[in-house]
1. Can you give me the number of residues within segment B:149-158 that are closer than 18 Å to B:Ala35 by Cα and either of a type in the set (Phe, Trp, Tyr) or at pLDDT below 95 (or both)?
2. Residue check: is B:Ser15 in contact with a Lys or Arg (Cβ under 9 Å, 6 or more places away or on another chain) and either more than 25 Å from B:Met163 (Cβ to Cβ) or not hydrophobic (A, V, I, L, M, F, W, C) (or both)?
3. Give the residues of segment B:144-170 that are surrounded by fewer than 18 Cβ atoms within 10 Å (Cβ to Cβ) and of a type in the set (A, V, I, L, M), sorted by residue number.
4. Considering each of B:Gln51, B:Gln34, B:Gln104, B:Gln67 in turn, give the residue that is within 14 Å of another protein chain (Cβ to nearest Cβ) and polar (S, T, N, Q).
5. In segment A:135-142, is there at least one residue being within 14 Å of chain B (Cβ to nearest Cβ) and assigned to a helix (DSSP H, G or I)?
6. Just to be sure I understand the filter: pairs with C-beta atoms under 7 Å, separated by 6 or more residues or on different chains, first member in segment A:156-184 and open to solvent by less than 60 Å² (accessible area, probe 1.4 Å), second member outside any helix (DSSP H, G or I). Which pairs pass?
7. Of all residues in segment A:143-185, which are part of a loop (DSSP other than H, G, I, E, B) and within 21 Å of B:Val42 (Cβ to Cβ)?
8. Mind checking which residues of segment A:85-94 are crowded, with 23+ Cβ neighbours inside 10 Å and either more than 17 Å from A:Ile34 (Cα to Cα) or more than 9 Å from chain B (Cβ to nearest Cβ) (or both)?
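The values are calculated or read from the model by the stated rules, or taken from the named source; none is laboratory data. Here the structure is a predicted model, which means the values were calculated and not measured. Using ideal geometry, Cβ is built from the backbone for each residue, glycine included, and neighbour counts are taken over all protein chains shown. For the accessible areas, the whole protein counts, side chains as well, though only heavy atoms, and no ligand, DNA or RNA atoms are used. Shrake-Rupley method; radii C 1.70, N 1.55, O 1.52, S 1.80 Å.
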Amino acid sequence: MSKLASLWLALTLAISIPPLDPYLDGDMTRLMLIQVPTLILLGVLLGPLMGVKFPMGQNFAFAGLILGLGLVMFWMIPRSLDLAVVDSRIDALMHLTLLAAGLMLRLSLPCLPLLIQMAAGIYATAMAASLGVILNQTKERICATFTLEQQQAAGSAILWACGLLLSIHLVWSLSRLVQTGTMDE
Amino acid sequence: MDRQLSPLIKAALPSLVALALVWGLLNWWTLGFQAFTSYSHVRESAAPLPQSPPRLTLIDQVGKPLQLDELQGKYYLMTFGFLDCTGTCPVSMAAFNEINGHLQSLGIDDLVLLTITLDPARDRQQHLHYVWQSFDSPAGWILARPQVQDIPAYWAKLRRMGMWVDQDKLGTPIHDDRSFLINRAGMIVQSFAGVPPIEALLESIQRDQG
């Protein structure tokens, strides 16, 4: 096993078992802004680590994108988050599916035209920002396992993170556009 | 025509299958996009009102037994909580105390307030009695604990009624903040988010009386 693969495994295990997992689960901001994105990112890194070369047609790549975003969307549903926090088996399922979502995004996105990549990035950020607004502005608890204060703080943090993410995404997209000169690649 | 359509279907099929999978999963999980929270999922899954309260034997703060599914002849406003709760329970208790004051000043004695603990293993009768006394022993307010050994089965009964309750990883109950109006026939006729204001409560009773 290469050093990078060992590091990946160590990180994935560290984020999935005590003491780090319950610590991250214990606060909505930590769960949604550290654990969930880290798991997706670890899934993204899994592709190159496994040496997976899966040049897929655009039709399959688009399906992978839908499945990847759909899985992430599933764990943004408050009921799903509640279950992941109270039930260790559901929590393990969340970890696995978020890793799978990251892997799917890694395999599918490079096979799609830049225009679709840009649109997917903007759409995903908008989806997360909408969730941030809902969490921040709702005066009732949406997630049963977190307090209203944690919920509103998480909403606010998600909005800030989305602003940052969108800026990075736009800079990256525009630089790619300048490099390639087309949106079709 | 068929030759033109075939590549189009071939190209779109994986995405359509993926979309159907995601849509189907989210639709099933949220009961047709109606229930995104744990609370609403339990409420949407519960039997429609009016419904009978769950079959539970309760012991009140002075040790008197009462059968939840046999409460008749009076209106009952029922809510759930536990004494160590630092979330919504203290707010509900304060709201019940306020309603109790209103009922006394209005001379209404056929509406009984009923608080049932979600943690019968810890909240013993003497603890409930102590809390009841701290509210000046109100005659129209019962604090009760169910006679149950199997807590998950007790909570499952409440979930079937539309009251979400579970436990966190430390075993502490976590629950929805709801109250239920039981009419003179012993049926649950209304479910409220939190404890309703006295006006809304009296309006519901009037509506039930037709």
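1. The qualifying residues number 0.
2. On the way: in contact with a Lys or Arg (Cβ under 9 Å, 6 or more places away or on another chain): no; either more than 25 Å from B:Met163 (Cβ to Cβ) or not hydrophobic (A, V, I, L, M, F, W, C) (or both): yes.
The answer is no for B:Ser15.
3. B:Val148, B:Ile151, B:Ala153, B:Ala156, B:Leu170
4. On the way: B:Gln51 fails: within 14 Å of another protein chain (Cβ to nearest Cβ); B:Gln104 fails: within 14 Å of another protein chain (Cβ to nearest Cβ); B:Gln67 fails: within 14 Å of another protein chain (Cβ to nearest Cβ).
Only one candidate passes the filter, namely B:Gln34.
5. First, pick out the residues of segment A:135-142 that are within 14 Å of chain B (Cβ to nearest Cβ): A:135, A:138-142.
If we keep only those that are assigned to a helix (DSSP H, G or I) as well, we get A:135.
Scanning segment A:135-142 turns up at least one residue that is within 14 Å of chain B (Cβ to nearest Cβ) and assigned to a helix (DSSP H, G or I).
6. A:Leu177/A:Met183
7. So the first thing to find is which residues in segment A:143-185 are part of a loop (DSSP other than H, G, I, E, B), and the list is A:143-147, A:181-185.
Within segment A:143-185, A:Cys143, A:Ala144, A:Thr145, A:Phe146, A:Thr147 meet the criteria.
8. So the first thing to find is which residues in segment A:85-94 are crowded, with 23+ Cβ neighbours inside 10 Å, and the list is A:85, A:94.
Matches in segment A:85-94: A:Met94 only.
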